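Accompanying notes for the structure given below.
The values are calculated or read from the model by the stated rules, or taken from the named source; none is laboratory data. These numbers come from a predicted model, not from an experiment. Here the Cβ positions follow ideal geometry from the backbone for every residue, glycine too, while neighbour counts run over all protein chains shown.
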Amino acid sequence: MREGAAPESSFVEVALGNALRMERLIDDLLELSRAESGAVPLKEEETSLSAFLSRVADQHRTAAEQAGKTMVVEAGDGGFRADLRKLALAISNLVDNALKYGKEGGRVTLSGRIDGDACLLEVADDGPGISPEHLPRIFERFYRVDKGRSRELGGTGLGLSITKHIVESHGGTIRAESRIGVGTRFILRFPAS
């Protein structure tokens with residue numbers, strides 16, 4: 001091993017980490033731009049609550065296991081129509097946050113039900129919760145509740161904004177409920193057909 005190899009290797013690792021963060025930021029900005037423009041039409045498909053939520057949960061099981069968390073799916077009967085790729089991205093953003101910020105050994109619950117002519121999807125964690133003063137702003141671009149921790153965990157500050165625009169493009173709404181020390185729950189409501 002030549003002298004000075006360790007610092008050079010460390011420099012390469014830092015540069016690679018920065019490049020990957022920049023790539024995530026660019027990808028998120030592009031996705032947000034597409035969502036905000038409304039220029040990309042929805043490609044709606046029909047699916048069951050159970051199939052959709054199970055598919056999203058399966059995509060995150062390895063990350064959940066690595067984080068020491070349990071993924072739970074609670075799906076009612078029935079189905080809905082949506083752009084499944086975009087809606088899966090929205091739910092995935094919420095699951096990613098729940099896995100990042102939830103307590104160690106905790107659980108992330110994905111649930112869904114049909115309520116009249118509406119579809120309700122929820123992502124809940126048992127993490128530290130979000131203070132009430134932050135809740136009105138969490139869907140803003142680049143807003144972070146804990147700036148230092150978010151950067152450390154690899155977030156871009158755009159995930160919730162992207163999620164909100166996707167839900168709104170489906171004619172729906174999203175809201176968050178949170179209690180300090182208990183956890184956070186995101187509720188998406190949109191037309192089922």
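Here are the numbers for the structure shown:
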| quantity | calculated |
| --- | --- |
| Residues of region 51-78 satisfying the condition of being part of a strand (DSSP E or B) and farther than 15 Å from E122 by Cα | T70 |
| Candidate set: region 57-79, residues that are under 15 Å from the mean Cα position of the chain (by Cα) and within 27 Å of A192 (Cα to Cα); chosen: the one surrounded by the most Cβ atoms within 10 Å (Cβ to Cβ) | M71 |
| Pick from region 157-173, criterion farther than 14 Å from L89 by Cα and touching a strand residue (DSSP E or B) at 6+ places or on another chain (Cβ under 6 Å), ranking: surrounded by the fewest Cβ atoms within 10 Å (Cβ to Cβ) | G171 |
| Candidates A118, A176, A192, A124, filtered to the one that is under 17 Å from D83 (Cα atoms) and modelled with pLDDT of 95 or more | A118 |
| Candidates A82, A51 - the one that is over 26 Å from P128 (Cα atoms), buried (at least 18 other Cβ atoms within 10 Å of the Cβ) and among the small types (G, A, S) | A82 |
